[in-house]
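Report on the following structure.
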Amino acid sequence: MAIDLTTDTVERPATTVYRRPRLTTGFWAWITTADHKKIGLLYGYTAFAFFIAGGVEALLLRIQLAGPDGAFLSAAEYNGLFTTHAVTMIFLFVMPISAAFFNYLLPLMIGARDVAFPRMNAVSYWIFLFGGLFIYSSLLFATSPAPLGGNLPGGATDASMLGSIPNSGWFIYAPNSGAEYSPGTSIDYAALGLQMLGIASLISAVNFIVTILNMRAPGMRLLRMPVFVWMTLVVALLLLFSLPIIAIALFMLTFDRQFGTLFFVPEAGGDPILWQHLFWLFGHPEVYILILPAMGIVSETLPVFSKKPLFGYPAVVFAGAAIAFLGFGVWAHHMFSSGIPTVAQAAFGLSTMTIAIPTGIKIFNWLGTVWGGRVKLATPMLFSLGFVALFVIGGLSGVTHAVVPSDWQQTDTYYIVAHFHYVLFGGAIFGLFAGIYYWFPKLTGRMYNEALGKWHFWLMFIGMNLTFGPMHWLGLQGMVRRTWVYPEEAGLGAWNMVATVGAFVIAASVLVFMLNWSYSKRRGRPAPDDPWDARTLEWTIPSPSPEYNFAVEPVVTSLDDFWHRKYEEDAEGRAVRKEEADEFVADIIYTNGHPDHEIHLPAPSYFPFFVGLGIMIIFYGIMYHTRPWGIPLIVAGAVVTIAAFVGWGSEPLEEIHEEEHGTHDDDPHAEETEPAMSEGDA
């Protein structure tokens with residue numbers, strides 16, 4: 001049975017009541033879940049916790065730099081904090097928060113019941129969680145990496161706890177990250193932890209690709225998919241082709257440090273520049289892995305709050321694909337100062353300029369969408385417009401890096417810090433907050449507080465520009481990156497103080513967001529059926545989303561099909577809402593909220609959790625393979641992982657919910673039934 005969205009009314013079926021097995025209730029529902037929506041929420045909450053950690057690290061850095069000759073942090077603490085801040089924000093916040101959106105929304109937007117491999121989806125989350133905990137466990141278990149390549153006077157060591165966290169920058173450049181210049185184990189925690197995060201991302205990427213290509217609703221051709229789904233596909237392909245490159249580099253670094261190989265040791269014929277090539281072959285596509293999800297979100301929100309279709313939909317889609325393709329050909333602009341040949345510098349400078357073309361296409365299409373529209377400045381729209389404005393600034397400063405002599409002057413200065421924060425904070429994070437507010441009713445069934453949402457936006461917008469705007473001038477005045485002090489006579493104190501004040505304004509904005517989320521999730525007014533007059537399929541089901549997503553499979557006949565069922569053109573070609581649109585929306589949402597047939601869902605399972613746990617134990621064993629407990633840890637982790645896979649293969653794939661026709665959960669006279677016993681309970 002399918003819902004044909006071309007009809008104006010839908011016959012309401014008999015109501016069905018579902019009762020869950022005990023395994024899928026309460027706390028264990030989150031440990032054992034294979035539901036893409038719960039996994040998306042797990043990704044989101046975990047990523048936000050790491051965001052708070054990364055934000056605290058940033059505030060500590062800004063306190064140190066607020067004035068000249070700062071003594072709040074030592075050199076070792078500063079190096080560790082800026083490294084961990086970057087690793088956290090890139091790998092433990094922006095990437096997994098994007099995965100949260102992908103997990104929750106992708107099946108809903110293509111009319112699917114779940115992702116292609118639900119339990120592998122759960123495995124990816126648990127490996128990500130344990131990988132993040134593995135990296136941060138260096139605070140407890142790693143030995144100090146001092147002398148930090150001579151950063152401390154006289155080669156002194158740093159005995160503080162912060163002195164034991166990774167300290168080489170998120171790019172972990174060789175030979176600085178080698179055993180000679182970074183003794184101790186903190187770099188090993190970073191390298192192995194990033195390997196775990198890469199495994200999780202690869203599993204998710206394959207899952208999303210298969211889901212998009214094979215599980216779309218009938219009639220949803222590729223060029224009828226929402227732009228957000230397209231960007232999910234593009235990001236998944238980027239991950240699929242770029243992550244193996246960094247995996248190879250991290251493998252080589254780990255073997256250099258743990259087993260005495262010489263891949264990056266120049267005295268033995270190794271090549272430190274090889275690390276840069278391998279890292280940036282991954283690292284520049286990684287920039288687009290971080291920004292494309294936000295571009296997809298903005299491409300969904302701008303049309304809704306402008307009451308217009310997305311201007312130039314095919315151009316936006318193909319521009320996103322072009323950005324991903326060209327992103328693999330610009331990596332060496334990060335290496336202009338490393339001595340690469342002049343011809344290569346010219347070629348990569350040209351390719352860097354070229355990638356601005358598809359980016360510009362997107363920007364002009366977004367502006368064309370807003371132009372002439374009936375714009376509603378709700379919080380998601382404010383964050384979307386903020387994204388466009390700030391991303392343009394970051395993009396323009398990025399084009400200057402394509403000019404090789406200019407790049408030589410900018411490299412390793414705060415001009416670079418300003419550029420990538422305008423792109424990744426002003427761009428990615430503003431776009432992600434636009435999505436959080438836009439889909440908040442879908443996640444919770446309630447509306448957020450609009451006043452608090454606007455306070456959040458304006459505080460974050462002002463704080464972001466106060467923090468990172470002055471860094472352009474600081475960089476051009478010669479302030480060097482990755483140094484923990486600067487002299488008073490350099491005249492850099494005033495702008496640094498402004499940047500520090502801005503950082504605390506950003507922190508205040510995040511506190512407002514947390515208050516808004518907590519209050520609105522519990523006490524916000526119930527969300528209407530279609531709160532934004534939206535365009536895509538996820539708004540054709542009740543809010544919050546039912547476990548089964550769609551009671552009946554939707555049929556799609558055009559791009560933005562849901563919107564077209566609600567509107568028609570008048571004599572002047574303007575969109576006018578149909579008189580029966582409200583009834584149609586109520587009927588379609590009621591139908592999807594009250595199934596009339598048996599629904600099969602992926603069965604919950606403990607085994608994905610134990611797969612992730614076993615892999616983490618193996619990596620701890622690798623860390624300490626020279627210690628008496630190292631090999632036993634590897635064996636124990638392998639036993640846990642293999643046993644989990646064996647148990648996984650022997651349990652039922654699906655769970656069938658018991659149904660009872662003619663009653664409704666809201667009916668006080670409905671009779672309770674005993675939970676259906678699944679095969680796993682038996």
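The values are calculated or read from the model by the stated rules, or taken from the named source; none is laboratory data. Every value quoted in this text rests on a predicted model; they were computed, and no experiment measured them. Glycine also receives a Cβ, built like all others from the backbone with ideal geometry; neighbour counts cover every protein chain displayed. Calculation scope for accessible area: heavy atoms of the full protein, side chains included, ligands and nucleic acids excluded. Shrake-Rupley method; radii C 1.70, N 1.55, O 1.52, S 1.80 Å.
For Trp455, indicate whether it is open to solvent by 50 Å² or more (accessible area, probe 1.4 Å), of a type outside the set (S, T, N, Q), in contact with a Ser or Thr (Cβ under 9 Å, 6 or more places away or on another chain) and part of a helix (DSSP H, G or I). Taking the combined requirement at face value, the residue satisfies it. Among the residues that make up region 471-483, is at least one of them free of Cβ contacts under 8 Å to residues at least 24 places away in the same chain and part of a helix (DSSP H, G or I)? Yes, region 471-483 has at least one match. Residues in region 537-546 that are surrounded by fewer than 19 Cβ atoms within 10 Å (Cβ to Cβ) and either of a type in the set (Val, Ile, Thr) or assigned to a strand (DSSP E or B) (or both): there are none. When Gly40, Gly54, Gly80 are checked against the criterion of being open to solvent by less than 10 Å² (accessible area, probe 1.4 Å), out of contact with any Asp or Glu (no Cβ under 7 Å at 6 or more places or on another chain) and under 16 Å from Leu133 (Cβ atoms), Gly54 stands alone in meeting it.
Pairs meeting the criteria (first residue in region 301-314 and on the phi < 0 side of the Ramachandran plot, second residue surrounded by fewer than 24 Cβ atoms within 10 Å (Cβ to Cβ) and basic (Lys, Arg), beta carbons under 6 Å, at least 6 apart or on different chains) are Phe305/Lys376. If only residues of region 294-350 that are of a type in the set (A, V, I, L, M, F, W, C) and not in a helix (DSSP H, G or I) are counted, the one that is nearest to Met225 (Cα to Cα) is Leu310.
Taking the criterion of being surrounded by fewer than 24 Cβ atoms within 10 Å (Cβ to Cβ), of a type outside the set (Asp, Glu) and closer than 19 Å to Ile90 by Cβ, the residues of region 398-418 that qualify are Gly398, His401, Ile416, Val417.
Take the conditions (1) open to solvent by 50 Å² or more (accessible area, probe 1.4 Å); (2) modelled with pLDDT under 95; Ala534 misses just one of them, which is (1). Total residues in region 141-165 satisfying the condition of being within 27 Å of the chain's Cα centre (by Cα) and at pLDDT 85 or above: the figure is 0. Applying a threshold of 6 Å to beta carbon distances and a minimum spacing of six or more residues, or different chains, the list of pairs starting in region 375-392 at a residue that is within 16 Å of Ile363 (Cβ to Cβ) and ending at one that is open to solvent by 20 Å² or more (accessible area, probe 1.4 Å) reads Gly386/Phe461.
Whenever a residue of region 248-274 is within 18 Å of Thr626 (Cβ to Cβ), its partners that are part of a helix (DSSP H, G or I) and open to solvent by 60 Å² or more (accessible area, probe 1.4 Å), lying with C-beta atoms within less than 9 angstrom and at least six residues away or across chains, give the pairs Thr261/Phe255.
Count of region 496-530 residues, restricted to those that are more than 30 Å from Glu583 (Cα to Cα) and in contact (Cβ under 8 Å) with a residue 40 or more places away in the chain, is 19.
In region 29-40, the residues that are in contact (Cβ under 8 Å) with a residue 40 or more places away in the chain form Cβ pairs under 7 Å with partners that are part of a helix (DSSP H, G or I) and among the hydroxyl-bearing types (Ser, Thr, Tyr), at six or more places apart or across chains, as follows: Thr32/Thr24; His36/Tyr104; Lys37/Tyr104; Ile39/Tyr125; Gly40/Tyr104.
I'd like to know if region 291-309 contains one or more residues that are modelled with pLDDT under 95 and among the aliphatic types (A, V, I, L, M). Checked against the condition, which is being modelled with pLDDT under 95 and among the aliphatic types (A, V, I, L, M), region 291-309 yields no hits at all. Would you call Tyr548 more than 24 Å from Gly40 (Cβ to Cβ) and among the aromatic types (Phe, Trp, Tyr)? It is false that Tyr548 is more than 24 Å from Gly40 (Cβ to Cβ) and among the aromatic types (Phe, Trp, Tyr). Residues that are polar (S, T, N, Q) and under 24 Å from the mean Cα position of the chain (by Cα) number at least 2 in the following helices (runs of 4 or more DSSP H) confined to region 379-428: 379-399. Under the condition of being over 18 Å from Gly427 (Cβ atoms) and in contact (Cβ under 8 Å) with a residue 40 or more places away in the chain, which residue from region 352-370 is least open to solvent (accessible area, probe 1.4 Å)? Step by step, filter region 352-370, then rank; the result is Gly368. The residues of region 589-606 that are under 30 Å from Ser137 (Cβ atoms) and surrounded by 20 or more Cβ atoms within 10 Å (Cβ to Cβ), listed by number, are Pro604, Ser605.
Counting residues in region 629-643 that are open to solvent by 50 Å² or more (accessible area, probe 1.4 Å) and outside any helix (DSSP H, G or I) gives one or more. Filtered by the rule that a residue be farther than 20 Å from Tyr78 by Cα and either open to solvent by less than 40 Å² (accessible area, probe 1.4 Å) or not hydrophobic (A, V, I, L, M, F, W, C) (or both), region 468-481 gives Gly469, Pro470, His472, Gln477.
Exactly one residue out of Leu223, Leu213, Leu240 is within 18 Å of the chain's Cα centre (by Cα), aliphatic (A, V, I, L, M) and surrounded by fewer than 18 Cβ atoms within 10 Å (Cβ to Cβ), and it is Leu240. For region 482-526, taking the residues that are surrounded by 13 or more Cβ atoms within 10 Å (Cβ to Cβ) and touching a strand residue (DSSP E or B) at 6+ places or on another chain (Cβ under 7 Å), the one that is modelled with the lowest pLDDT is identified as Gly524.
If the condition is being open to solvent by less than 50 Å² (accessible area, probe 1.4 Å), more than 29 Å from the chain's Cα centre (by Cα) and among the charged types (D, E, K, R), then region 547-569 contributes Arg565, Lys566.
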